[in-house]
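Attaching a single structure in structure tokens format; questions to follow.
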Amino acid sequence: MKTLTKIEIVVSTILTVMVVGTVSYHYLEGWSYTDSFYFTGITMTTIGYGDLYPTSPMSKIFTVFFAFAGVGVSLFALSVFSTIYFEKREEVMGNRIRKGLLKTMNTYSRTHKKLRKALNLHKKRK
């Protein structure tokens, strides 16, 4: 899968979860969209400052499941970004190794040609 596609999936998943959380807390708790968005972000990242908290039984139950979903989405995003990073790093290291090998082969080839030429000259003199 292409890197851009992976990033698009991660971003759309995070946005979807944020929108679902924001709208849900707005209706369950009666909070403003700003407070609901704030609480959604704080809950997803498990920071939990404690300045806002669910008060109704339904919103408490929703928060338990939402926290698990938020952690799952956060870990998913972390795994995708770390995979992209390490794949790119491996590609860069592979290119460096390839360049080094080509340089070594080129040096060997030039040295080999010089040796052959010197040996051929030596044979011709005899």
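Every number here is computed from the coordinates shown, using simple stated rules; none is lab data. Predicted model, so just to flag it, every value in this text is computed and none were measured. Cβ sites come from the backbone with ideal geometry, for glycine too, and all protein chains shown count toward neighbours.
How much FRET efficiency would the formula 1/(1 + (r/R0)^6) give for Ile61 and Tyr27, where r is the Cβ-Cβ distance and R0 is 22 Å, rounded to 0.05? Provide the component values of the computation, followed by the final result.
On the way: r = 14 Å, r/R0 = 0.65.
For Ile61 and Tyr27, the calculated efficiency is 0.95.
Right, another one. Roughly how many Å is it from the Cα centre of the stretch 1-27 to that of the stretch 72-112, as a whole number?
If we compute the Cα centre of each part, the gap is 31 Å.
In the Gaussian network model of the chain, springs joining C-alpha atoms below 10 Å, which of Leu28, Leu101, Leu75 carries the largest mean-square fluctuation?
Answer for the Gaussian network model of the chain: Leu101.
Next question. Taking the Cα of Ile9, stepping 7 Å toward and past its beta carbon, and measuring to each backbone N in the stretch 76-98: which are under 14 Å?
What the label zone holds, given the 14 Å backbone N cut-off, is 76-84.
Based on the mean of other beta carbon atoms within 10 Å per residue, what is the order of 66-73, 112-119, 80-87, most packed first?
On the way: 66-73: 16.0, 112-119: 10.1, 80-87: 12.4.
Top to bottom by mean Cβ count within 10 Å: 66-73, 80-87, 112-119.
Of Ile97, Ile14, how do they rank once you tally other Cβ atoms within 10 Å and put the fewest first?
Details: Ile97 10, Ile14 17.
Sorted ascending by nearby Cβ count, the order is Ile97, Ile14.
Fully extended, how many nm does the chain gain between Ile47 and Leu119 (0.36 nm per residue separation, minus their Cα-Cα distance)? Write out the running numbers ahead of the final one.
Working: separation 72, 0.36 × 72 = 25.92 nm, distance 7.47 nm.
Here the answer is 18.4 nm.
For an R0 of 22 angstrom, estimate the FRET efficiency from the Cβ-Cβ distance between Thr16 and Lys88 and round to the nearest 0.05. Don't jump to the answer; show the numbers that get you there.
Numbers: r = 26 Å, r/R0 = 1.20.
My answer for the efficiency is 0.25.
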